[in-house]
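What follows is one structure encoded as structure tokens, with my remarks underneath.
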Amino acid sequence: MSSPGPLTTELAANGFRFTADVAGEAGAPLVLLLHGFPQTRYTWRHQLPALAAAGFRALAPDQRGYSPGARPSGVEHYAVDALLADALALADTQDVSRFDLVGHDWGGQLAWLLAARHPERVRTLTVLSRPHPAAFARALASDPQQSERSKHHRSFQDPNTAALLVEDGAKRLRRMLREHGVPDLDAAAYVAPLAAHDAIEAALSWYRAAFRGASALAASDTPAVRVPTLFIWGDADLTVGRAAAEATREFVGAPYRFVELSGVGHFITDQAPELVTKELLAQLAAHASA
């Protein structure tokens, strides 16, 4: 019997209601997928049915600030402890003690931290584009090219940024995605739920909380991860350079695989979805008994 296709639902977790796509049979091994900026659960549209077909239960939420029912006002509500608590609470809605964890961009940053802090909950870790926080912090401090690549972290502190990003049909946000190789139709799907002022403000609050010290997302003292890990990076990534990507292996004390995709940029699931699915399924199969 074939697995049911992805279902969009709302999940009550950590005091909020999160919009999420779920695929696969209830009770199957859980894969939790965390998106980045400026994206949504739509990031994982290719992976969810493939995971379900492979016998997994796949859960892809719109995270805090991206779900209308989980959009508190105020930067202080977007500190790392709150974001990590959301992820664990969402996993708990599926009644599992351990799960496979996947993240991209900011979702990848959270995934690294969750695996480092709660290894008892994470069976395997797969991260796209975002290096281990300590590797990333070191590159930001020592590599001028990485500092330049990450200049948007600073520009997003400007209180006028939200209005600028969504004015004139969110043309700046669309252009940013297009410049990173995201097709127009997919860019439109990402931009639509962020076009409201409160939505884009909430998404930017992730950056502002980190910048103001309300979060430890880029802390150089983030512990090494000690669960089986796959890190996928595209060598055409405009925001993450090679130094940070290659240094990530220093911060994994478990079986580790680094997959470099030639000619692929930051938004890997939009540019190379089949390769992401292939590598993710291989990772899960290799550590099925972990």
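Just so it is clear, none of the values below were taken in a lab; they were calculated from the coordinates. Every value quoted in this text rests on a predicted model; they were computed, and no experiment measured them. Cβ: placed from backbone, ideal geometry, glycine included. Neighbour counts: every protein chain shown.
The amide H of residue 34, built 1.01 Å from its N in the peptide plane, has 102, 103, 104 as neighbours under 5 Å, considering only residues 5 or more places off or on other chains.
When each of the peptides 170-178, 240-248 is scored by how many other beta carbons lie within 10 Å of its residues on average, the order from highest to lowest is 240-248, 170-178. Take the Cα of residue 224, step 7 Å toward its Cβ, do the same at residue 97, and the gap between the two points is 2.7 nm. Is the C-alpha gyration tensor of the range 69-109 telling us rounded, prolate or oblate? Criteria: a/c under 1.5 is rounded; beyond that, a/b larger than b/c is prolate, otherwise oblate. Oblate, because a/c is 1.5 or more while a/b does not exceed b/c. Rounded to the nearest 20, the Cβ-based charge dipole of the range 197-290 about its Cα centre (Lys and Arg +1, Asp and Glu -1) stands at 300 debye.
Considering only 229, 126, 93, give the residue with the highest GNM mean-square fluctuation for the chain, with springs between Cα atoms whenever their separation is below 10 Å. Of the options given, 93 has the highest mean-square fluctuation. Across the options 197, 70, 119, the greatest Cα extent toward the positive end of the charge dipole of the chain (unit charges at beta carbon of Lys, Arg, Asp, Glu) belongs to 119. Each residue of the range 16-33 is assigned a 3J(HN,Hα), and the resulting list reads 10, 10, 9, 6, 8, 9, 10, 9, x, 6, 4, x, 6, x, 8, 10, 9, 10 Hz, derived from the Karplus form 6.51 cos²θ - 1.76 cosθ + 1.60 (θ = phi - 60°), x at Gly and Pro.
Expressed to the nearest 5 percent, the antiparallel share of DSSP beta bridges inside the chain is 30 percent.
Counting other beta carbons within 10 Å of each Cβ, put 62, 158 in order, fewest first. Before the final figure, lay out the partial values.
Numbers: 62 23, 158 11.
Sorted ascending by nearby Cβ count, the order is 158, 62.
In a reduced charge model with +1 at each Lys and Arg Cβ and -1 at each Asp and Glu Cβ, the chain shows a dipole moment near 260 debye about its Cα centre. In the range 1-104, one over the average inverse separation of all distinct C-alpha pairs is 13.7 Å, which is the Kirkwood hydrodynamic radius. The magnitude of the dipole of the range 1-113, with charges of +1 and -1 set on the Cβ of Lys/Arg and Asp/Glu and taken from the Cα centre, is near 180 debye. Computed over the range 7-286, relative contact order equals 21 percent, with contacts defined as Cα pairs under 8 Å that lie 6+ residues apart.
Amide H to amide H distances under 5 Å link residue 122 with 99, where only residues 5 or more positions off or on other chains count and H is placed in the peptide plane.
Averaging the Cα positions of each part gives two centres, and for the range 267-289 and the range 1-73 these lie 17 Å apart.
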